[in-house]
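Colleague: First, the structure itself, so that you have it in front of you.
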Amino acid sequence: MDNAEKTRRELPTAAALDVARVLISEDEIAERVGVLARLIEADYRSSGKKLVLLGILKGSVVFMAELMKQLRLPVEIDFMKVSSYGGGTTSSGSVTILLDLKRNDISDCDILIVEDIIDSGRTLSYLVDYLKLKGAASVKTVTLLDKPSRRVVDFEPDYRGFEIPDEFVVGYGLDYDEKYRALPFVGVLKPEFCEK
Ligand code: PRP
């Protein structure tokens with residue numbers, strides 16, 4: 001039994017037992033976030049603007065907490081909440097802002113949007129354009145997970161933790177029906193717990 005599997009079995013939460021297998025362990029995530037943090041530091045160190053980590057609620061909160069702890073740069077944090085609907089057979093779909101970013105210093109801010117996962121690409125594609133139009137000094141994106149096989153919009157993040165296959169994953173902020181966000185790893189649910 002590897003460490004990730006041990007974690008799943010030993011967690012004192014029934015939720016962990018709904019997971020069929022651990023896809024990415026807590027240690028693997030922490031290590032990878034360290035690598036991303038070093039890349040981000042190198043890119044922003046001499047910018048002269050305020051670096052704002054902009055978490056997209058709710059899924060990003062666990063990744064964002066780990067990233068801000070590991071960044072050796074002064075950062076501010078902010079949040080937005082959006083909902084995205086697939087537009088049937090169209091690729092654009094629609095994105096609705098449920099909680100907006102309200103800052104009067106946006107032209108002084110390098111915004112780094114923090115996401116837990118990119119799927120169709122609609123949410124981030126929309127948000128990057130939106131924040132540029134709002135006047136941010138710069139807008140980049142970082143995602144913990146990326147499912148490129150699900151893209152309907154042409155979008156590439158600036159920083160990516162892990163590319164994953166098209167499987168339904170939970171944990172480390174990601175939910176199924178609002179459950180499992182607190183699991184400390186990314187796992188694949190047993191089919192009986194995620195039947196549509
Ligand atoms: C997820 C994720 C992204 C979005 C990605 O959010 O956090 O915001 O979907 O999908 P896309 O690339 O197809 O646009 P979700 O709507 O599940 O909300 P949550 O973060 O509150 O769980």
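Colleague: Could you check region 111-129 and list, in sequence order, the residues that are closer than 22 Å to TYR172 by Cα and either among the acidic types (Asp, Glu) or more than 8 Å from the ligand (Cβ to nearest atom) (or both)? Steps first, please.
Modeller: Taking region 111-129 and keeping what is closer than 22 Å to TYR172 by Cα, we get 112-124.
LEU112, ILE113, VAL114, GLU115, ASP116, ASP119 - these are the residues of region 111-129 that are closer than 22 Å to TYR172 by Cα and either among the acidic types (Asp, Glu) or more than 8 Å from the ligand (Cβ to nearest atom) (or both).
Colleague: Among the residues of region 142-157, what is the count of those that are open to solvent by 10 Å² or more (accessible area, probe 1.4 Å), without any contact (Cβ under 8 Å) to a residue 60 or more places away in the chain and either near the ligand (Cβ under 10 Å from one of its atoms) or of a type outside the set (S, T, N, Q) (or both)? First the steps, then the outcome.
Modeller: Initial filter on region 142-157 (open to solvent by 10 Å² or more (accessible area, probe 1.4 Å)): 147-157.
Among the residues that remain, those that are also without any contact (Cβ under 8 Å) to a residue 60 or more places away in the chain are: 147-151, 154-157.
Keeping just the survivors that are either near the ligand (Cβ under 10 Å from one of its atoms) or of a type outside the set (S, T, N, Q) (or both) gives 147-148, 150-151, 154-157.
Matching residues across region 142-157 total 8.
Colleague: Looking only at region 121-141, count how many residues are open to solvent by 40 Å² or more (accessible area, probe 1.4 Å) and either under 30 Å from SER25 (Cβ atoms) or assigned to a helix (DSSP H, G or I) (or both).
Modeller: The initial filter retains those residues of region 121-141 that are open to solvent by 40 Å² or more (accessible area, probe 1.4 Å), namely 126, 129-130, 132-134, 137, 140.
Adding the requirement that they be either under 30 Å from SER25 (Cβ atoms) or assigned to a helix (DSSP H, G or I) (or both) leaves 126, 129-130, 132-133, 140.
Adding up the residues that qualify gives 6.
Colleague: Out of the residues in region 51-69 that are touching a Lys or Arg at 6+ places or on another chain (Cβ under 9 Å) and farther than 20 Å from SER138 by Cα, which is farthest from the ligand (Cβ to nearest atom)?
Modeller: Initially, region 51-69 is screened for residues touching a Lys or Arg at 6+ places or on another chain (Cβ under 9 Å), giving 52, 56-59, 61-62.
Still in the list and also farther than 20 Å from SER138 by Cα: 57-59, 61-62.
Values: LEU57: 6, LYS58: 4, GLY59: 3, VAL61: 9, VAL62: 11 Å.
Filtering first and then ranking leaves VAL62.
Colleague: Quick one: in region 31-65, which of the residues that are open to solvent by less than 40 Å² (accessible area, probe 1.4 Å) and not hydrophobic (A, V, I, L, M, F, W, C) is nearest to the chain's Cα centre (by Cα)?
Modeller: Across region 31-65, the extreme among qualifying residues is SER60.
The values are calculated or read from the model by the stated rules, or taken from the named source; none is laboratory data. Fair warning: this is a prediction, and the values are worked out from it, not measured in the lab. Virtual Cβ from ideal backbone geometry, glycine too; neighbours counted across all protein chains shown. Side chains included, ligands, DNA and RNA excluded: accessible areas come from the protein's heavy atoms. Shrake-Rupley method; radii C 1.70, N 1.55, O 1.52, S 1.80 Å.
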